[in-house]
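The values are calculated or read from the model by the stated rules, or taken from the named source; none is laboratory data. Nothing here was measured: the structure is a model prediction, and the numbers come from that model. Positions of Cβ are generated from backbone atoms using ideal geometry, with glycine treated the same way; all protein chains shown enter the neighbour counts. The area values use the complete protein model at the heavy-atom level, side chains included, leaving out ligands, DNA and RNA. Shrake-Rupley method; radii C 1.70, N 1.55, O 1.52, S 1.80 Å.
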Amino acid sequence: MSERILVTGATAPVGRELVRLLVKAGAEVKAGTRHPERAAGLFDASVEVVELDYGQPATFDAAVEWADRLFLQPPSFDPDAHQTLVPLLDWAVQAGTGHVVCVSAMGMEVREDLPLRRLERHVASLGVDYTLLRPNFYMQAYGEGFLGERIRRTSTFSMPVEDARVSLVDGRDVAAVAATVLTSDEHFGEEYTLTGPAALTHEEIAEIIAAASERDVAFQPCSDQEMLGWLTGAGWRADVAGVVIALYQSVRGGVRSQITADVTSVLGHSPMAFDQWAEEHEELWER
């Protein structure tokens, strides 16, 4: 019998790619999302799309009732990630899920005070097999979301990271690692830190985007307070914006500059480089 796998956050970029890879590998897949209507046309006909809202336990049963394995993807920048996801985790284990693959973030193993680290510890305490994935910032963030939008509109982007380096990872590599881990028994108990092959400054990132998009793109350093003001001024909740600032503080502290071999060790090939990714996605920066 093929593995039965529930993918949470299935309409997000990593989730979409993971579902595709799991279907290709012959797994039975349920795609969990708060907005099932957005899944129309995204997946193979064999994929069952189910409503799954972390804040609505009434949606849990249909999602987890048959899941042998669970891919758990916290909402982006959730300041309450531990509280948000523990109810679903406990429900899934009680329903018979035997392997949890949890996406966390690079450096969480040294940040005992953060919600994602508390979530990791809870996963490890459940008495089932688990694997922790700790990716660095996704390359996709520079073409999508608020960073990509700012680059398209203004040809500039700002972050409070000074000249610190960051080893960006392609979200597709993260999905490929997750697919491998979810369809094997060889990665139980493992903790993988997922990075790209190079650590870049944001000036270098801007130069790469400029070359790929054939437009002038500049990085402008800013302070924590300036970034917080921009985000809250754009309608972000202050606590959510605070999570973003904390992540940038980790960049300044050097936590995000490490380059690991974990993508290569799991997949058997090197991770995507940012310049290659940018060349493949030049259309992301079209006005």
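Sort segment 4-151 into rounded, prolate or oblate with this rule: let a ≥ b ≥ c be the square roots of the eigenvalues of the Cα gyration tensor; rounded if a/c is under 1.5, and if a/c is not under 1.5, prolate when a/b is larger than b/c, oblate otherwise. Cα axes put segment 4-151 in the oblate bin. Among Ala67, Ala234, Ala92, the largest mean-square fluctuation in a Gaussian network model of the chain (Cα springs under 10 Å) belongs to Ala234. Ligands, DNA and RNA left out, the 1.4 Å accessible surface of segment 1-82 is 46% carbon and sulfur atoms.
Ignoring any ligand, DNA or RNA, what whole percent of the accessible area of segment 128-287 comes from carbon and sulfur when the probe is 1.4 angstrom? Summing carbon and sulfur atoms, their accessible area is 47 percent of the total for segment 128-287.
Counted residue by residue at 0.36 nm each, then reduced by the alpha carbon distance between them, the extension gain from Leu42 to Leu267 reaches 78.5 nm.
Among beta bridges from DSSP that stay inside the chain, the antiparallel ones total about 5%. Extension gain, Glu282-Ala124: 0.36 nm per intervening residue step, less the Cα-Cα distance, totals 52.8 nm.
In the context of the full set of protein chains, residues of segment 32-160 present 42 Å² of accessible surface per residue (probe radius 1.4 Å, heavy atoms only).
Gly148 sits among other residues whose Cβ lies under 13 Å from its own Cβ, and their net charge, with Lys and Arg +1 and Asp and Glu -1, is -1.
Computed extension length for Arg153-Glu112: 11.0 nm, one decimal, from 0.36 nm per residue of separation with the Cα-Cα distance subtracted. Grouping the Cα pair distances of segment 141-269 into 10 Å bins from zero gives a pair-distance distribution of 12, 35, 33, 17, 3 percent in increasing distance order. Under a 5 Å amide H cut-off, with hydrogens placed 1.01 Å from N, Tyr130 pairs with Val100, Gly189 among residues at least 5 apart or on other chains. DSSP bridge analysis restricted to segment 80-233 gives an antiparallel fraction near 5%, rounded to the nearest 5.
Residues whose amide H falls under 5 Å from that of Ala218, counting only those 5 or more places apart or on a different chain, are Thr156, Phe157, with hydrogens built in the peptide plane. Sequentially through segment 181-188, phi angles give Karplus couplings (6.51, -1.76, 1.60; θ = phi - 60°) of 5, 6, 10, 9, 9, 8, 10, 5 Hz, Gly and Pro residues having no value and appearing as x.
Relative to the longest principal axis of the Cα atoms of the chain, helix 81-95 runs at roughly 20 degrees.
Against the chain, whose longest principal axis is taken from its Cα atoms, helix 13-24 shows a tilt of about 40°. Against the main long axis of the alpha-carbon atoms of the chain, helix 115-125 sits at an angle near 30°.
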